[in-house]
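Okay, structure first, notes after.
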Amino acid sequence: MRMPLLALLAKEPAHGYELKSQLELIFGEAYPAPNIGQIYVTLQRLERDGLVCSQDVVQTTRPNKRVYELTAAGREAVIEWIDKPSEGPRVRDEFFMKLALSPMAGTSDRLGLINRQRRHYLAQLRSLSELAVEVDRRIPKLLIEGAILHLQADLDWLQRCQEDFV
Amino acid sequence: MTGDGERLVLRAAGLTKGFAGDGVAVTAVRGADLALKHGEFVAITGPSGAGKSTLLHMLGGLERPTSGEIWLNGQRVDQLSQARWAVLRRRHIGFVFQFFNLVSNMTVADNVELAAIMGGASRKQAQARREELLGELGLAAKAHAAPARLSGGEQQRVALARAMANRPLLLLADEPTGNLDSGASRVVLGLLNRVHADGQSILLVTHDLRVASAADRVISLFDGMVVDDAPMTTSPHPTSLPDVLKLRG
Amino acid sequence: MHAMLRWIRADLRASSARAIVVAAMAAGVVTALLLSAGLLQGATNPWQGLFTATKGAQIWLHLAPGTSVRSLRSQVGGIEAIAGPYSATAATVATGGQRTRVELRAMVPQLPAIGRPLVESGRWLATGSLTGVVLEDTFAQAIHAGVSSVLELDNVDETASVRVRVVGIAQTADQGFYPDQTPGLIWVLPGLLRQIEPNAGHTEEVVGLRIASPAATGLVVQQVVTQLGSSAVGSVSTWQQVKESMARRDPLLGLLLALFGLMALGAALLAIVNVTSGRVLLQTADLGMLKTLGFTPVQVMTMLCAEHALLAGCGIAAGLIAARLLMPLLLGGVPGVGAAAATVPAGWAAVIVCGTFAAVLLATAAPAWQAGRVRPVAAVRAILPRGHLSRLASIAMAARTPPALVLGARSAFVRRLPAALTIGGLALPMMMITIGLGFWSTLDDVQRHPADIGLAAQVTVSPGPLTAAETLRLIRGDPQVLKTYTCVQAEALVPGETITITTLGMGTSRQPYPFHVVQGHLYRAPEQAVATAALLSTLGLKVGQFVRMWFGGVPVTFRIVGRIIDPQYGGQVLAYGRDTLTDEGAATPIGFYSLILRPGVSPAAAVARLTRASQRRLSVAEVPDPADQLGIVRDAVAVLIAVLAVIGLTSLVTTSLLGYRDQLRDVSVLRAMGLTPVQVRAVLMTRTTVLALIAVVIGTIAGRLVTIDLISAVSRLYGLGSGIGSTPSAGTLTATVALAVGVAAVAGILPFRLPGRLPAVTVLGP
């Protein structure tokens, strides 16, 4: 949560609710919206680390609101984050563990294991496909497409496992 | 069994197909069983060489099984002659292929009308059906073009219209998106979903799992054998979106 | 059914060019065969055509004068119409110092409905000119008379003599050709007949009967004779006799044309098979698709057969029309045949039409059957023919042969059957073209050196009213004449045989006429004779044997000392020194003089000069050049070479079209591999050129091998004996081969109009 908030603040100073609605606007359904408490906790930690600073803005009709702003260290951190290549998604090691260790546990039906996993992935794939049809906005759509492709890769990998074990 | 068979559009039991090629006997399909209910959309998937297309071709009578039984709408058909199969196809089956396979010397309209006429429609009915189908698929303007002048996606839509022209009991599709870009693939898949929603029974062969996941049921073929037959539960969404979507931030 | 029609319509529209080729092939075959059959019929059995053209009568009767035939039609069943009665009388015509018996037949200027003579040249009898007469065609030829010749007609008692002028030459189916059938026939006006033969007791009534059923001829004749009384009937002739006597007059022409017709048929059938099966092969993928749509194998086959039957039907109809239009054009120049004679009997036409139709259907049915049986999936997947580089090709590649050549040659044989069909479809026409060129060059030889076929003399002179001494003086006074031979023509009866032959005393034993001797030697002493191959075979004789003949009761024994070539007199010639007859005491009226002209003198000029010098009293004629008669062969050869060339070209284009789909893919791959557009074009050209080269070489060698034998066989039949055949010159052959191969190369890239500019990706997809 830290870096997205920093990135949003790099554009202009904002208070907690503004950040929450911006996140929702950009990522939409693709991204489970964080609650406001989480956002404030994160912002306080960022301020403690010296990456943002804040000041209260007095409002006449409403309670005062706290507006956060990026510090020079914060700006540097954002640029460093954006420039650094990201790690790829990790292999679903849990299923791999199950596949590898199932004989020890007394169940050697690896084919059943693979099939169950495939059904699960296929169901996910179907949900994502349906979602992709409903979503119009670009950023969320791309995220869903990415998830679908990862799932397809997982399914291909299942096939590879099947070829080896069957 | 027959009572059960009557509710099914298609049932196959123990289908096997061997080829004797270049001195080495190859078995493409070994003892496949499957069933398709009326109005059901079933996808057959598997890696290339798993025998998917051979299985589909046997089910459409394009290839004769080495052994096994096929029941179409309660009638046993695996022993039929080529000519009887031809009659079955023109009345009850529609085919869509990966390479579209439109009759090259006929216009788009002729391709669709030909199938309707083969299915027993009069000339007028065939023309009406053609106009209806091409209109639905957004191809009315291309009715009198030669197939070669159309893009791949358009050709496949014509092929789909042609397959639907005889109001088939069963639509057989062999890698219908295999030769299309992703955009055209989505259009064709959307159309398949639409005809399925109208109650069309579809049996589709594909190696593209995303296409397969649109079906009611996905049959996995591996090395000529059915290894899984998975009903696709309509998953509740979007509330239970899987964790794949969690951004690591 | 409707679906099949729909597909046929779409297919014809989509590949109209190939459809037209199939129809055109059928049309070409039908035209060529009908023309050949017409020529054959006209040349070998002219009766049928003449009978039709003259609306002939099947039975001709010579009746006693005054016999009434009015009641015949009511009393004898089966008579449709009666021609005549015409008054007729026997007379003689003086020609070449000989008196020849003729029949004068009185007819009116208006031609009758039945048995109307067919005027070949000049005009028919006319009221204005009483002394104008019309001669029967073959008789006119025999006495060297033409339009405006003047003849002397005498009655049999020689009490009346009239000078008449020939105003027309006509053909008839009433009687056989002269001299097979004598007497010769002259049509005159009734007034002239009465003038020549005032004695009605010396005339006959000639009546022709046209009957409903030709098969009942014998029965009708019997009834007619019974009805009229046998004493009233002088003679009867039937159509069977006339037909028989007209038959097989010119075996050379007939055989030649039959041969060419058959070969053209063979080549055309190959081409039809090639085109049709090529068409079907190209459609295999579509046909497989139709099967997935629910066409049964039988339906696929029926559909293809119906489509090609339709094409064949259109082609055949066009062929029938074309043959009808071309026949008169082609036959215009044939002497003695005439367009009328060349009517193709309905039976033949039916056989030709049905044969062509059947050929197209068979050519369709075989590949259609295969196409009907092809597994739809295999067709849908559009399997391409596979082939691998042969060892030869690999070696050639390794040896740095240009890759275009190797690849092109290899691709020519990827589809074996079409390759074989192409080679056959090209080799056969090429063989026939070589043979045709052989005939052509033989004709050239004959025309350049007529003496080689026994025609040393260019001009013959008949004395007419002049005496022998006067005639000889006139001839020798002409500076254009090199040599003169006095000749006699005498009928001789061969004992034991019931036939008479015409023999020639040509020159003397000391100064024999320079026949072209191919075996033995010329007559050098009395009682030696030479003969043509045809006569020797008629008499069952060989060179060196003796034969005894009777000349008006005088026996003469000849020793045959040589075999000669002489195309005159139907090739039936026995010749000897005139002194043989004088020695033996046989009567020898001078027949004619054979003149050999000085080199460079044209026969026509000599004829004109002699005729002028004699004030038209001498009858001077050019010796008919058999090569002129064979002019029809030239026409036929030219037409057939053209037809054969078209047939060969069709085979080539089919091959290159058939390869089109296979090749399109290859072209892209080759370009992807780095061949330049020029090299790609070279690959495509090599493909057809290799096939054409093989075919042309096979065809030319085969043609050359059989040409000499074939010409010898034909000329033997014609009585010329062997030895006149010559093969086409090496230059002609080389040019022909080069032309054929060049055309093949162009045909190879014809379907790829822009092979170099095709974007590789468009065709690399499946």
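The values are calculated or read from the model by the stated rules, or taken from the named source; none is laboratory data. None of the values given here were measured: they were computed from a predicted structure. No Cβ is skipped: glycine too gets one built from the backbone with ideal geometry, and neighbour counts run over all protein chains shown.
Sort through B:101, B:111 and tell me the only one that's facing another protein chain (nearest Cβ under 8 Å), under 30 Å from residue C:15 (Cβ atoms) and touching a residue at least 40 places away in the same chain (Cβ under 8 Å).
Going through B:101, B:111 in turn, the sole match is B:101.
Which of the residues belonging to segment C:619-646 are at pLDDT 70 or above and not in a helix (DSSP H, G or I)?
Correct list: C:619, C:620, C:621, C:622, C:623.
Of the residues that make up segment C:413-426, is at least one at pLDDT 70 or above, of a type outside the set (Gly, Ala, Ser) and over 30 Å from residue C:677 (Cα atoms)?
So far as segment C:413-426 goes, no, none of its residues is at pLDDT 70 or above, of a type outside the set (Gly, Ala, Ser) and over 30 Å from residue C:677 (Cα atoms).
Tell me the helices (runs of 4 or more DSSP H) entirely within segment A:1-106 that contain at least 3 residues that are modelled with pLDDT under 80.
Output list reads A:93-101.
Kindly provide the set of residues from segment C:119-132 that are under 24 Å from residue C:237 (Cα atoms) and surrounded by 22 or more Cβ atoms within 10 Å (Cβ to Cβ), ordered by number.
Answer for segment C:119-132, where residues must be under 24 Å from residue C:237 (Cα atoms) and surrounded by 22 or more Cβ atoms within 10 Å (Cβ to Cβ): there is none.
Report yes if residue B:94 is buried (at least 19 other Cβ atoms within 10 Å of the Cβ), at pLDDT below 85, more than 22 Å from residue B:183 (Cα to Cα) and within 11 Å of chain C (Cβ to nearest Cβ), otherwise no.
It is false that residue B:94 is buried (at least 19 other Cβ atoms within 10 Å of the Cβ), at pLDDT below 85, more than 22 Å from residue B:183 (Cα to Cα) and within 11 Å of chain C (Cβ to nearest Cβ).
Considering segment B:41-79 alone, what residues qualify as being within 11 Å of another protein chain (Cβ to nearest Cβ), buried (at least 17 other Cβ atoms within 10 Å of the Cβ) and outside any strand (DSSP E or B)?
The answer is B:46, B:50, B:53, B:54, B:56, B:57, B:58, B:60, B:61, B:62, B:63.
Looking only at segment C:5-25, filter to residues that are more than 16 Å from residue C:280 (Cβ to Cβ) and of a type in the set (A, V, I, L, M); which one of those is farthest from the other protein chains (Cβ to nearest Cβ)?
C:24
Confirm whether residue A:59 is of a type outside the set (Asp, Glu), farther than 27 Å from residue A:135 by Cβ, surrounded by fewer than 12 Cβ atoms within 10 Å (Cβ to Cβ) and in contact (Cβ under 8 Å) with a residue 12 or more places away in the chain.
Criteria not met by residue A:59.
Could you please find all residues in segment A:1-57 being of a type in the set (A, V, I, L, M), away from every other protein chain (no Cβ under 14 Å) and more than 25 Å from residue A:140 (Cα to Cα)?
A:41, A:51, A:52, A:57
Those residues that are of a type in the set (A, V, I, L, M, F, W, C), part of a loop (DSSP other than H, G, I, E, B) and within 10 Å of chain A (Cβ to nearest Cβ), I need them from segment B:176-233; list them, please.
B:214, B:215, B:232
Would you pick out the residues in segment A:122-142 that are more than 7 Å from chain B (Cβ to nearest Cβ) and in a helix (DSSP H, G or I)?
Result: A:128, A:132, A:133, A:134, A:138, A:139, A:140, A:141, A:142.
Residues of segment C:279-293 being over 15 Å from residue C:23 (Cβ atoms) and of a type outside the set (S, T, N, Q), which ones?
Residues satisfying the conditions are C:280, C:281, C:282, C:285, C:286, C:287, C:288, C:289, C:290, C:291, C:293.
So in segment C:286-306, with the set limited to residues that are within 27 Å of residue C:423 (Cβ to Cβ) and surrounded by 21 or more Cβ atoms within 10 Å (Cβ to Cβ), which one is nearest to the other protein chains (Cβ to nearest Cβ)?
My answer is C:287.
With the checklist (1) at positive phi; (2) modelled with pLDDT under 75 in hand, flag the one item residue C:148 doesn't pass.
Of the numbered conditions (1) at positive phi; (2) modelled with pLDDT under 75, the odd one out for residue C:148 is (2).
How many residues does segment B:80-109 contain that are among the hydrophobic types (A, V, I, L, M, F, W, C), assigned to a helix (DSSP H, G or I) and touching a strand residue (DSSP E or B) at 6+ places or on another chain (Cβ under 7 Å)?
Adding up the residues that qualify gives 1.
Among the numbered criteria (1) part of a helix (DSSP H, G or I); (2) surrounded by fewer than 20 Cβ atoms within 10 Å (Cβ to Cβ); (3) modelled with pLDDT under 80, which single criterion is violated by residue C:322?
(3)
What number goes with the only condition from (1) at pLDDT 85 or above; (2) within 12 Å of chain C (Cβ to nearest Cβ) that residue B:133 does not pass?
Only one criterion is unmet by residue B:133, namely (2).
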